[in-house]
1. Do any residues in the range 404-421 that are without any contact (Cβ under 8 Å) to a residue 24 or more places away in the chain have Cβ atoms under 9 Å from those of residues that are open to solvent by 40 Å² or more (accessible area, probe 1.4 Å) and charged (D, E, K, R), where the two are at least six apart or on different chains, and which pairs are they?
2. Consider only pairs whose beta carbons are under 6 Å apart and that are at least six residues apart or on different chains; among these, list those whose first residue lies in the range 47-65 and is without any contact (Cβ under 8 Å) to a residue 60 or more places away in the chain and farther than 17 Å from GLY88 by Cβ and whose second residue is open to solvent by 60 Å² or more (accessible area, probe 1.4 Å) and not in a strand (DSSP E or B).
3. Among the numbered conditions (1) among the polar types (S, T, N, Q); (2) closer than 20 Å to LYS454 by Cα; (3) surrounded by 14 or more Cβ atoms within 10 Å (Cβ to Cβ), tell me where ASN48 comes up short.
4. Look at ILE430 and say whether it is touching a residue at least 12 places away in the same chain (Cβ under 8 Å), surrounded by 20 or more Cβ atoms within 10 Å (Cβ to Cβ), under 30 Å from GLU173 (Cβ atoms) and hydrophobic (A, V, I, L, M, F, W, C).
5. Only one residue in GLU278, GLU344 is out of contact with any Gly (no Cβ under 7 Å at 6 or more places or on another chain), touching a residue at least 12 places away in the same chain (Cβ under 8 Å), more than 27 Å from ILE368 (Cβ to Cβ) and exposed (fewer than 12 other Cβ atoms within 10 Å of the Cβ). Which one?
6. Looking only at the range 7-36, which residues are within 29 Å of the chain's Cα centre (by Cα), part of a strand (DSSP E or B) and buried (at least 18 other Cβ atoms within 10 Å of the Cβ)?
7. If a residue has to be open to solvent by 40 Å² or more (accessible area, probe 1.4 Å) and within 29 Å of ASP217 (Cα to Cα) to count, how many in the range 399-416 make the cut?
8. As an exercise: evaluate GLU440 against (1) closer than 22 Å to GLU148 by Cα; (2) open to solvent by 70 Å² or more (accessible area, probe 1.4 Å); (3) modelled with pLDDT under 90; (4) not polar (S, T, N, Q) and give the number of the one condition it does not meet.
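The values are calculated or read from the model by the stated rules, or taken from the named source; none is laboratory data. None of the values given here were measured: they were computed from a predicted structure. Cβ: placed from backbone, ideal geometry, glycine included. Neighbour counts: every protein chain shown. All accessible areas refer to the heavy atoms of the entire protein, side chains included, with ligands and DNA or RNA removed. Shrake-Rupley method; radii C 1.70, N 1.55, O 1.52, S 1.80 Å.
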Amino acid sequence: METIAAISTAPGLGGIGIIRITGDKAFEILLKMFKSTKVKKIEDIVPNTIIYGKIYDDSRMVDEVLVSFFKSPNSYTKEDLVEINTHGGSIVMKEILDLVLRNGTILAQPGEFTKRAFLNGRIDLTKVESIATILNAKSEEELRISGELLQGKLYNKVVNIKEKLMDILMHLEVNIDYPEYDTEEKDKEEIVETISKILSELKKFESTFDVGSKIKDGIKVSIIGRPNAGKSSLLNNLLNKERAIVTEIEGTTRDSIEEDLNINGINIKIIDTAGIRETDEKVEKIGIERAITIAEKSDLIIAIFDISKPFNENDRKILDIISKKESLILLNKYDLVEDIELPEEIKNTGKEYIYTSMLEKKGTEDVIEWITKKTESLKINKNNDIIIIHERQKKVITDVIEMIEQILKDLEIIPIDMVSENIRDVINKINELTGENVKEEVLNEIFKNFCLGK
């Protein structure tokens, strides 16, 4: 494979910047521009060392650097690899990268360093996906789960399941191909029991995806209410910044505004929506329809009611929206009311409610506490369970479950030796999880979301 290079640190100013080179000619190309008293030729390179030197473009010094050397196969990619630690200015990093490219490397594609680590057998596909999630993690919980998967927990479980199926397959094929040998057969009952246990374990994995996907993609919390009920003020108070426009004019928010918020180690997607009311105004009407759709698809709803105004049909429509969803009711602007009388319709919902004043920022902590309570159940990994957080992994597991269920049905009506090919198909499908059997387009889809230099 070609020797590749890329800047591995984020764009912008920083204390250091890193240019990474990997491939058969990594050391040779580096030494064309790197001058050091300790490393003058490839034979001088000691693996896993950092050497001080200078990068030159012909006779002109570009920068003082520290270079890390990793020799194959003991590197991230299992190839010869060097990392040039330069000063963190974007111009100097670009100049050094251009110099590296001119001397015989090609620019790496997004995720190509990790792709080489996978293709060279250093990591499996479950670890690749974990690395991608770690790079893009928006919460402590997502980071923690990804870290556990990076340690190989899913891989080890998959290998264990595959070994059990291979054991069954081996015994079936021995008795098919060599019936003259007096080999102890695994009877049908034992095989059915083993396969049933595997099925149960896979279903347990599959069931974690609902939680895992929420941890990865974030919990959607929509804020709904009549115009000027205090929705945008709540969003601003939760974010502790002026994100949404707040005025006394009704209908200011015409479209949804979505922001990420970290609560209790979980990524929360807070969505401010258009005020719900009867209107003939075309743009506002579209915004209201979108608000209702967002609320219906949310995991949690915060419904705000302006108790300084009479309860009306718009409020009843909002109660109808939240009736079948996990919801919190905010009775806002209580500071404007002397005698508070809670409407019977709200009392009868059975929903939890709190009195708030978004203007005085009272009640925001109660909202955060409610979200915290509702998301606490997502932290189900206290027993060190594996959680599936990637759609691809879940799909493969679902396919395997369906295949195994079919095998168990077949075993009710056909001889045991006739399912060996089906078991082989299951093993091949399981190999898609770890990448031993994966299509090129699947790999491209996974790696396209990586950054350059990783």
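1. Taking only residues 6 or more apart or on different chains, the pairs are PRO415/LYS188.
2. PRO47/LYS71; ILE51/LYS38
3. Failed condition: (3).
4. In short, yes.
5. GLU278
6. ILE7, GLY17, ILE18, ILE19, ARG20, ILE21, THR22
7. Total meeting the criteria: 2.
8. (1)
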